[in-house]
Structures are given as structure tokens and as C-alpha cells.
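Q: Here it is, the structure, as C-alpha cells.
The values are calculated or read from the model by the stated rules, or taken from the named source; none is laboratory data. Keep in mind that what you see is a predicted model, and the values were worked out from it rather than measured. Counting neighbours? That spans all protein chains shown, and the Cβs are built from the backbone with ideal geometry, glycine included.
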Amino acid sequence: MAAALDGRMIDGRHVTLAGFMGAGKTAVGRRLALALGRPFVDTDALIEAEAGMSVAAIFAREGEAAFRARERKAVAVACAMPPAVIAVGGGALGDAESRRRLLEAGPVIYLRATAEALLERVGDAATRPLLASASTAAERLARIRTLLAEREPIYACATHVVDTTGLPLDAVVTRIRALLVEER
């Protein structure tokens, strides 16, 4: 029965969650992994463990280019693992090698949300390196809109799109599972 999607229905393939910061990749990823009986891999967590510092600290000390190189390596590591649900950073699909790897590894789900919803969800901008220089909510919203406009063509490579704006976590997971059943 297709509605009873579990990890066996997508054996040998990863499910990757991509999207902007605040879209819900980590929260949805954890819940989806549990529903599919798969491990959850967050590439930002892999980067932080390998570097011994937070993503914000890496950006501050080494810069964005160095972070993106670490991210490329983390994506390769995640894709080499047994089938899992993988959450990648908001800019990961911007790297051609990472994008290719992730798309070859299995379906990539773009978790989309409005700029206003993302602003509400990101919380403390100090922990978000690409927003840290924006001192007001209006500046953060403008920065989010700019980054989204730059990244939308990249996110368009995703296998599926799920708009998370206004949806509870379980509803997002249900929609993703339905998409995976349809893909099967």
C-alpha cells in the first residue's frame, strides 16, 4: 500500500531537504527520518563537528568561501553514508558539485517559505552569519529577500517543492511522504 511509505520504498537512496535558513530543514528532517526509519544527517552538524566550532564562528574566522569548501566535503560524506534523510545548508545547492551529488543520491525536496515567515523563524540573527550585519528586522527582511531571489534559480533544481509557510511540522512531513510515494 503506497500510503504506508517507509524507508524500504526508497531503499538505496537518500532524501535531501534543502532551502533557506528557517525553512524547517532540521526539524522536518528529524521527523521525516523517524517516520522513514532512517538516520538523520545535518551537514551543518557534520561541519561543526569536524571544525570544532559553530557555523557562525567558521564564517567569522575563515570566511564564506572556506565554509563552502567544508560544506562540499560534508555533502560528500553524507552522500557516502547509508541511506538517510539529509538536511543541507541554505547555500549548499549553489555548489555545482554538491548539487550534482545530492540529485544523484535521491530526491531533493526544496522547503520553501515566504520571506516574512523565514524572518519570523530565524530568530537571533547573530547565529545566522548571512544576516548578522543587518541590525533591524526591516534590514534582515530585505537581506532575506535578496538572498532568496539569488537562490531561487538554484532551488529550482529540486525534485519537489513543499511550501512550509503556515504549515505545522507534521503536515510538512505528510506532504513530503506523499511526494515520495508518487515518485515511487
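Q: What number goes with the only condition from (1) closer than 24 Å to residue 150 by Cβ; (2) at pLDDT below 90 that residue 8 does not pass?
A: (1)
Q: Sticking with this one: What number of residues within segment 80-96 are in a helix (DSSP H, G or I) and out of contact with any Asp or Glu (no Cβ under 8 Å at 6 or more places or on another chain)?
A: So the count comes out to 4.
Q: Can you say whether residue 91 is over 19 Å from residue 162 (Cα atoms) and not acidic (Asp, Glu), as far as the supplied structure shows? I'd like the intermediate steps shown before the answer.
A: Working: over 19 Å from residue 162 (Cα atoms): no; not acidic (Asp, Glu): yes.
The answer is no for residue 91.
Q: Would you confirm whether any residue within segment 13-24 is in a helix (DSSP H, G or I) and at pLDDT below 95? Steps first, please.
A: In the first step, residues of segment 13-24 are kept if they are in a helix (DSSP H, G or I); the result is none.
No; the residues of segment 13-24 include none that is in a helix (DSSP H, G or I) and at pLDDT below 95.
Q: If you check residue 61 against the conditions, is it at pLDDT 95 or above and among the charged types (D, E, K, R)? Before you say what the answer is, go through the steps one by one.
A: Numbers: at pLDDT 95 or above: no; among the charged types (D, E, K, R): yes.
No: the conditions fail for residue 61.
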